[in-house]
Every structure is written in C-alpha cells, then in structure tokens.
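Trainee: First, the structure itself, so that you have it in front of you.
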Amino acid sequence: MLEKSYDPASAEARLYDAWEKSGAFQPSDAPGAEPYTIVIPPPNVTGSLHMGHALNNTLQDALVRFERMRGKSVLWQPGTDHAGIATQMVVERQLQERQQPSRREMGREKFVERVWEWKAESGGTIFRQLRRLGASCDWSRERFTMDEGLSAAVRKVFVQLHREGLIYRDKRLVNWDPKFETAISDLEVENTEVDGHFWHFKYPLENGETYEFPIAFDEEGNATEWETRDYISIATTRPETMLGDGAVAVHPSDKRYAPIVGKRCLLPLADRYIPIITDDYPDPDFGSGAVKITGAHDFNDYKVAKKHDIKLYELMDTKARMLDADYIPEKYRGLDRYEARKEIVADIDARGLLIKVEDKKIMQPFGDRSGVVIEPMLTDQWYVDAETLARRAISAVEDGETRFVPENWTKTYFQWMRNIEPWCVSRQLWWGHQIPAWYGPDGHCFVAETEEEARKDAIARYTAEGYTLEEVDKMVRGEGEGPLLTRDEDVLDTWFSSALWPFSTLGWPEKTPTLKKHYPTTTLVTAFDIIFFWVARMMMMGLHFMKDEKGHPVAPFRDVYIHALVLDEKGQKMSKSKGNVIDPLLLIDKYGADALRFTLAAQAAQGRNIRLSEARVEGYRNFGTKLWNAARFCEMNECVVDPSFDPASTKEALNKWIVHEANGCAREVTEALEAYRFNDAAGAIYKFTWNVFCDWYVELSKPLLFDGGEAVKSETRKTAAWALDHILKLLHPFMPFISEELWGSLARRDGMLIKAQWPAFDARLSSDEAAAEMNWTINLISAIRSIRTEINAPAGAKVPLVAVALGEQEKARLAAHGDIVSRLARLSVIDHAREAPKGAVQIVHDGAVFALPLEGVIDIGAEKARLEKEIAKAADEIARIDKKLANESFVAKAPAEVVEEQRARREDYAAQGEKFKAALARLKDL
RNA sequence: GGGCGCAUAGCUCAGUGGUAGAGCGCCACCUUGACAUGGUGGAGGCCCGUGGUUCGAUACCACGUGCGCCCACCA
C-alpha cells in the first residue's frame, strides 16, 4: 500500500542507490545501440552545487534519461576541474585564517601537497550533491583534470602544439594580476566603469622653446587667437605611469603641434627628455590631442612604442609596487602604484605643471577572481596561436557539423572567434599542470613530455653544437650538484586542460574503445558565459587533435545547447555579496529533488533567463503529490499493470479516449525533448497528468470502476494502470524519483523505470471518435457546472436536467455517459423533452439545448440578463465574421480552409444565438 | 563603438499570420468514497508605440521608446 503522501527524503537516497547498483548509469552494450554521449561541464573540484549547476545538470539528466529509455547506449561522463586560481586562492585563504605559514613560506612542494589534501577532503562534495539532484552520470568513469591520464593528455597536447609552432614563448604586454602575481588571459579581465580622474600635465619643451598654440577659432575653423606656449599639454588617467613615458605622440594632421614635432620635451620628475612624434593613434579632438606613450604599461601605447622603436620602461614589480630602477626617482621606489600616483600628482603640482584635474568615468580592468585592478606588464609568457586553431573551429560551425541551440549563439561564437587574440596560457601559480619545458644553462628551452626526453634533446643539441661529451654531461646532468636542466616554474591556464575534456576523459591519447564509441559527443549542455572560455577552446583542440579514419578533423559535439542563467525572483544575478543566493540543496531538502528539477525544466525556455521563485517549486511539489494520489486511487481500485494488455484493444469510449490522449502526449514530449524545448516537454506531461488524467479520466472512470460490469471494470482497471505507467515513463526524465517509486510500487515486475522503454507515438492508439465523444461529455459537464455557479445553485444540491430535442448522436452520447454527467454535475435526474420547461435555465451546448427546470429558485431577471449577454456576444462574433466574409479580397485570397472555417464558425454562432433567443422568449411571460 | 536579447493577465513567463494561454496571486463556493500539497466556478489583457508587408499582424519587417546582457585599447 502506498503511504498517504510521498516522502522524498526517505525515497531519494534509496532509489538512487538502486539505480547505481543496477548499472543503469553505464552505457549499455546492447548490439546496435546508437551511442549517446554528454560530457559534463566539470565543476570545480572543491566547489559545491549552486543553482546554475542544478539547472545545467537537470537538463543533461533529462536528456540522458530520455535517450537511455529510447534504447541508446548512453554515456554521461562526469568529472571535476582543478580550477587553478580559484582553488589555490581558497587554500591560501585557509592558511591565512588558520594563521599557518603562507604559501611562499611553505614552498611549492608542501603547498601543492596541501592543496591535494584539501581536494581529498572536499572533492567529493559536488558529486554527492549531484547525486542528490538525481544526476545519472557514469560514476565509474569519474575523471579529474589533474589525474594521471588527463595530465598525460595535457603534456602531449602542449608538446605537439609547440612542435607545430602553435605554442610559443614571447615577451609582450600581458594582463597582470598583482594580487595573485600571475598573468591572466583577456577573458579573465572584467572591464568596469568607475569614477576616475583625468589629470592634465605640462611637459616643458627642451631648451625653453616656444610655439604659438591656437586657442580660438572662427566658423570655418581658422584660428583667430593664439597663445605662446613653452610646453606640450598631455592628459592621463594614470599619472603614476608618466615615469615610464618614452615619447609624446600627436596626430600627423594636427597643425597645432606641427611646429614642435620632432623636438623633445622634458619628462618632469624623471628629468629625461623624450621625443614628440606623430602617429595615427592620437585623436586630435580628444583631450589636448597629445598622448603620452608609456609602452610598458598600456596596451595601446605598447603598439605605438613598438612601431616607433621607443624605449619601454618597466615601472612595477609583481605586486605593482614601483621598481627599484635607475630611471625612477628614489623617492617613489617601493611605493604602491596608488601611493606613487598621489606623490607624483603632488610633485607635478608643486612644480607648477598641473594644469587641471577633471572627474571622468573610466573603464578599468579588474581580475575576475582577485577583484584588483589589472596592470599591463611586460613579461615572458607562453601563448597559443589561437587564430590558427580558430579557423577550423569556425568552419565546423559554418558547415553545420556543430550547431548551437538556440541558433543565435552562433553569431556570438563567430564574433569572438573571428577576432581572437593569442591565448596566454602560462600562469605564475603552483596549483595546476606544470609546463613541460626545461631550460639549459645557456637558457635554451627544451619542450618535452618528460624530463628524460628533455634531457635527450638537450644532449643531442649540445653535442651537435660541438661540446665534448664531458661538457654536455655537466650541462645537462650537473654531476653531483643536481640537474642543471631547470623546469619552467609556471603552470597552465585551467582552461587548457578543460579544452581537452571531450576526448581526454574518454581515454585519449590512448585509443580506447570508449573514445572510438563516444567521440564525437552528441550534445554539450552549458551556459553562455563560458562559450569563449570553454566551448570555443574545446572546438579548437578537438578539431586539431581528433581525426576520423580518413584523417578529417572531427568536432567534439554535434549540438551545443546553451541554456539560461538562473536569476533570483527579481531578475538579479545571484551572488554571495548580494545575499540573494538560493541554495538548491535547501530546496531539495524542503520540496524534493523532483520539484526543483521540474521547476527548472519547466522554465528552461530557449533564450530567456530563469527567475527562480520558491512558490513555483512548491507548485511542482504539489504536482508530485497530485500524481501520487492518483496512483493511490489506482491502487485502491485494483488497477494493476497487465503486460499482455493491448491499449489499442479497448472498447469503452472513455478508455479509448485516455489512450488517445496519452499517445498524443508521448508525441509532444518526445518532439519537444528532441528539439531541446524542455519547457514544452515539461508542460505537456504536466498538463496531461493533471488536467487530463487526474481531473477527468479518474473522475470519469469512477462509475465504471465502482458500478460497471466485470468486463468493463477489468478493461478500465487495465487502461488506468497502463495510462499511469505511461505518465511515469514520460515524467521520468524530469521527476525521476517519484516516478521510479510509483513504478516500483504499482506492480510486481522486473526492472526499474530508468531502464524501461520510452513510449513512442503509435498511430493505432489514436481515436478521433472517442476524443470527440468524451470532449462532448466533458464540455457538457463543465457547462452545467458553470451555470450552476452562475445561478447560485448550492454546491451540494442535486438538480434535474432536461435534454431538449437532442439529435441521434447526442442522445447516444448522453445515454452512454449520463451516469457520469449526473455524478460530476450533481444532477438528480435526466429527462428528455421536445421543449424546455417554462422558467428553466437553458444551456446551449454544442448546438443542443439543456435545461435546468428550477422555476421559483432562480432569479428570472438575472437569467434574462445572462441570456441577453450571450445573445449579444454571439451577435458580436457574427458581425466580426461577416465583416471578414464581406471583404472580397479575403474570400478571394485567403486559403479555402480558412474561409470555410469562418463560415462554419458563423453558423455555430448563429445557431447558438437562435437557441439563446428562444430561451429568452420562453422566459418572456415570467 | 560593435553584437545579442527582452517588452503579452496583478506577478513570473509560454505562445501563434485567422478564436490569447499557464503557474502563482485574487474572488466565490465546496471536509463529494485518490488528493485541502485538494476540488468547482469566476474576475482580470488597446499582446510597448508608430509605420510598413498582408485579404488579415500580438506574431513578419523598419523605426522609435524603455530595460537587460556580451564584446571593445579613446589616452
């Protein structure tokens, strides 16, 4: 016996264990089963489940369960990401909180050990939470970006790309994070508008030179007034960088400065002279039109400096403190960049060289993890030639090998891919994949998968260069003093290993059967915010490294489904600092995993963010309860699944009808899931379960089950059980727990729902006649109920019904379903008559008239008013349609069906209007 | 500066070239033998504005208004 209500807390863990033990999560090896593969977007290994994960994994699990039931060999590949910066940051913070030695005090080896400990401690959390959500990943294949196999894949990719010239080392400006003291990629920089200032300085001309500077102009733009200047005016938002200026640039067409181009000005404080040059970069209409060029601390200036061979002055150390360099005045050395700024502005002002300070909104770059202002710095880093790799990644999408759903993300993808910059992949961190590069004593770099190979390369190289064996031995092995080859200290960007995920997790570089079977993967499900970080890079790497038998590159996915962000009720992004984070696990505790999953799926409409409200989760919890109670009803009435039952064999119109409806629902859910329209799929099964099965079928079946003959009773029991089973199957991708629980409770049978066969649409099960008959009955009941309320008939009172001059078909239908109409519309008796009794309330239903003879009970005046309203409504509709039909071009140009439909509607309204008029006439004398 | 998206019931959102929908909320009634986490009935909408395409536009197109997001080096 089913309990009175469903208790998710006790059922979920039990069911999950049973699924896992059954092996259902592993791909089937059924012969001929088509592979279906999803790789999970790997969550951070030490992270915990947030609402974005909940949505992401709900959708993946829905697809995976759906395809598994359709008989495919499904692999949902799970795993986690080592999340370089994020994880290192967490551990460093822990050390600080516990007042333990800092990262640097511990040293690299100890620290990395410490991070592994933290991973061991907290690494299982996210997987436990995914299990609570019901995620049916193949846990036996769990991977981690820093496990042995994946690390080997990283090394191999790095070495090969290096050999191909697609990875190289270069000294150029990078985004430097002074908090973590590492380079980061462009994508990890967030540009934010902040309140800043615009400082205008005078740079005096060398040797006291002067020139005439125009300060007023006539309408034609000719100068009318001049002043004599002995300086050039520049403006900056970052005064502290002036110490590194190498030139002042003006636009070649800027006549104002023509007299001093080629001359030099004094760089105040630094007391150096710098040239005044021309370049296209300065905008004559902006500021003074003259730009200071600080090549080592500004990306634009860097380009100009490179072009004109202007000296670069590095100003800051890794923590963005002013360097101890001879071109920096002593008083600023060691100051933080913002302290230096203050001092420099004050000193310029003291020398009378500060013209003015303006308030100005400026775009400032911040590190997305650290939150500190990013400093452009000149450093040696490793780069991936993304432009070259992007070419195939672009064409794979252009050619339709991979498609984005919704399709509009294609544009975003292209836009970024077509303007891609070199990808800086080295990070000055300790947690991650250390770059497989070793340096010899002469600084030469050897890139190899192992130190052993690097040594071999080194020996070969130095031997070829003419060193003696003994010398080479010393250079490479450093007899007695430890190895002289020193390994590159840096680690790789986390996204480097993530980029290999679709093939590294399947076994690459080994040629495993899994790789062969499950690459390319079928669908990637992810949020748009990591299209650039992750999707684009997987496309690049997949297409570069994975080839088919003929050697053609193979993209890692067929479909990339991009889902929404989950926002709070007000449409705000959830964040810890805002305090509006909704914890999915709390919702699971409170309402069950199914309710949360259904909420997310039902709201996952393409192209729109999800605003999550708890009320909605509660509503879907109620939906589960509703289903549970419908199942209890079935159980109480001995509706037991009969495996030999053929739903196409039913005789009763009611049963034919529910079979017909269930079949239609299967088609809707299937088509919606195939098209990634999760909300439509969820909506279809919701509607069928509640509004068709519970609201009508269960109610309509009662007379058959309670009072029907044996044959009718038996057929209805089997049909009810079949329909409920059908619901459980269609619901399973969204509400796996409750559906599995009911499946297990309702029949003694082998196997679990998770492995049951998905109901395909079956034309044999359609019955338009039964649908018409039952819809007629249902609508009649609704019409009577509606009138009852309108005339304030007490809900408990049974009233008589008179059917007026029914046609043959109506008579037959009423004869067949009179019992249930009486029951659900609370009728005392159904009579037939040629005319409606005097003073009765009359219902016009589908062209027929039904009367409730309640003379003396009803308010005649109100009833007359009601009928008049109905007559007017019909007349309005008729007028509207007539206007259409009178339009010659409508009749001539609209499709024949549409015109016909309008005519039919007109007739219906006309007939209805007539009936209402007759009804009104019958009340005339009262 | 470039790109994308949104505007429909009180709220949150589906949707369609021809009759406007859901959930929640609201009102009234109901302990009817699955379910009050429920049932029945109901109220509530110039489908943002203007113009165009069309026999017909809430839907397609253009412009406008308002809001949101992404990318970008104006010192």
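The values are calculated or read from the model by the stated rules, or taken from the named source; none is laboratory data. What you see is a predicted model, and the numbers here were worked out from it, not measured in a lab. FYI the Cβ positions are ideal-geometry reconstructions off the backbone, even for glycines, and counts take in every protein chain you see.
Trainee: Of all residues in the stretch A:23-45, which are surrounded by fewer than 21 Cβ atoms within 10 Å (Cβ to Cβ) and closer than 21 Å to residue A:58 by Cα?
Mentor: A:23, A:24, A:26, A:35, A:44
Trainee: Within the stretch A:302-324, which residues are free of Cβ contacts under 8 Å to residues at least 40 places away in the same chain and either among the charged types (D, E, K, R) or loosely packed, with under 15 Cβ neighbours inside 10 Å (or both)?
Mentor: Residues satisfying the conditions are A:303, A:306, A:307, A:309, A:317, A:321, A:324.
Trainee: Take the conditions more than 13 Å from RNA strand B (Cβ to nearest atom), small (Gly, Ala, Ser) and within 30 Å of residue A:521 (Cα to Cα) and apply them to residue A:396. Does it pass?
Mentor: yes
Trainee: Also: Mind listing whichever residues of the stretch A:215-251 are at pLDDT 90 or above, over 21 Å from residue A:316 (Cβ atoms) and not in a strand (DSSP E or B)?
Mentor: Scanning the stretch A:215-251 gives A:230, A:251.
Trainee: For the condition away from RNA strand B (no atom under 16 Å from the Cβ) and not in a loop (DSSP other than H, G, I, E, B), what is the one hit in A:194, A:174, A:157?
Mentor: Criteria check complete, one pass: A:157.
Trainee: Cβ contacts < 9 Å: first residue within 12 Å of residue A:239 (Cβ to Cβ), restricted to the stretch A:351-363; second residue within 14 Å of RNA strand B (Cβ to nearest atom) and β-branched (Val, Ile, Thr), any location; separation 6+ or different chain. Result?
Mentor: none
Trainee: For the stretch A:535-630, which helices (runs of 4 or more DSSP H) that fit wholly inside it have 3 or more residues that are within 12 Å of RNA strand B (Cβ to nearest atom) and under 24 Å from residue A:676 (Cβ atoms)?
Mentor: A:593-602
Trainee: Of the residues A:698, A:712, A:799, which single one is within 11 Å of RNA strand B (Cβ to nearest atom), in contact (Cβ under 8 Å) with a residue 12 or more places away in the chain and not charged (D, E, K, R)?
Mentor: A:698
Trainee: Can we say residue A:495 is within 16 Å of RNA strand B (Cβ to nearest atom), at pLDDT 90 or above and under 38 Å from the mean Cα position of the chain (by Cα)?
Mentor: Spelling it out, residue A:495 is indeed within 16 Å of RNA strand B (Cβ to nearest atom), at pLDDT 90 or above and under 38 Å from the mean Cα position of the chain (by Cα).
Trainee: Still on this structure: Here are some residues: A:878, A:871, A:858. Which one is in a helix (DSSP H, G or I) and more than 14 Å from RNA strand B (Cβ to nearest atom)?
Mentor: Sole residue among the options that is in a helix (DSSP H, G or I) and more than 14 Å from RNA strand B (Cβ to nearest atom): A:871.
Trainee: Let me ask something additional. Answer yes or no as to whether residue A:284 is of a type outside the set (A, V, I, L, M, F, W, C), surrounded by fewer than 24 Cβ atoms within 10 Å (Cβ to Cβ) and without any contact (Cβ under 8 Å) to a residue 40 or more places away in the chain.
Mentor: In short, yes.
Trainee: Does the stretch A:748-776 hold any residues that are within 30 Å of residue A:16 (Cβ to Cβ), surrounded by 15 or more Cβ atoms within 10 Å (Cβ to Cβ) and among the aliphatic types (A, V, I, L, M), and which are they?
Mentor: Of everything in the stretch A:748-776, those that are within 30 Å of residue A:16 (Cβ to Cβ), surrounded by 15 or more Cβ atoms within 10 Å (Cβ to Cβ) and among the aliphatic types (A, V, I, L, M) turn out to be A:752, A:753, A:754, A:756.
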